[in-house]
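Read through the structure below, which is laid out as structure tokens, and then see the notes.
Taken together, the values in this text are just the output of simple stated rules run on the coordinates, not laboratory data. On a predicted model such as this, the values are computed, not experimentally measured, just so you know. Here Cβ is always computed from backbone atoms with ideal geometry, including for glycine, and neighbour counts include all displayed protein chains.
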Amino acid sequence: MATGADASCERVDLGCSIAGDIYERAGEMGLTFLKIGVANPARPKRCVDVEFLIDSGAVYSVVPATTLRRLGIRPDSREEFFLANGEKIVRRLGNALFRFQRKQRAAPVIFGARGDSPLLGAVTLEALGVVLDPFHRELRPLRLTIAGGGTRRGRRSSKTP
């Protein structure tokens, strides 16, 4: 089971507790949560711990807009999204750093509106090199692959035309 957040950042106190543990909440069977660090790419030493519902069916992660603004992260675009009931909504997007198990990776982030739950989506999970095992409700290492011809043993081909 994957646990442990990067503790090398200057924490901004938002009432956070222990970071990096994956868990199920009492009475919420089948829902998996994870608390990890979120930081501003322009100021990576400042971060906050955010408790996320892991939703591998969501493309992007959702973080409350108030949290992102407090970190100084600004939106750079707007996108349309569809809720499970078919309703169309518009949300602002930006980029954030996500920290988990000594890894720090950038990923797009949705500025969550009041009532939006913080979600950890597939793009962020893949950027961090993990995937949710839906049967055991655990994060497992993601086999990272590179498509294309590639080279043997990490060496570049020395052939010239």
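Ranking of Asp49, Asp76 by neighbouring Cβ atoms within 10 Å, starting from the fewest: Asp76, Asp49.
In this structure, the amide hydrogen of Val130, modeled 1.01 Å from its nitrogen in the peptide plane, lies closer than 5 angstrom to those of Leu142, counting only residues at least 5 positions away or on a different chain.
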